[in-house]
Amino acid sequence: MKKENDKLNKFKADGKLKSNKRDLFVSYSKKTNNIDDKIALIKFKYKDDNEQLVKSIKNLMKKD
């Protein structure tokens, strides 16, 4: 039972951390108008997922 509680608490902590990162990402991307800053932010967010990186940059280009 203790193992299950530890796993659950770790899962909750990871979820909260991801939520905070997502909020920070959205906040900063709305504040900045510089395209280079936005691209750097997207690269940082999707450094492990190249496919998602390309999709995000394409969507950014469509908006501007």
(Q) Can you list residue pairs whose Cβ atoms sit under 7 Å apart, with the first residue in region 15-41 being under 19 Å from Lys55 (Cα atoms) and among the small types (Gly, Ala, Ser) and the second being modelled with pLDDT of 80 or more and in a helix (DSSP H, G or I)? Count only pairs 6 or more apart in sequence or on different chains. (A) Ser29/Lys38; Ser29/Leu41
Q: May I ask you to list the residues in region 43-55 that are touching a helix residue (DSSP H, G or I) at 6+ places or on another chain (Cβ under 7 Å) and either farther than 17 Å from Lys18 by Cα or at pLDDT 80 or above (or both)?
A: Lys43, Leu53
Q. In region 35-64, how many are surrounded by 13 or more Cβ atoms within 10 Å (Cβ to Cβ) and assigned to a helix (DSSP H, G or I)?
A. 11
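The values are calculated or read from the model by the stated rules, or taken from the named source; none is laboratory data. Since we're looking at a predicted model, the values are computed, not measured. Counting neighbours? That spans all protein chains shown, and the Cβs are built from the backbone with ideal geometry, glycine included.
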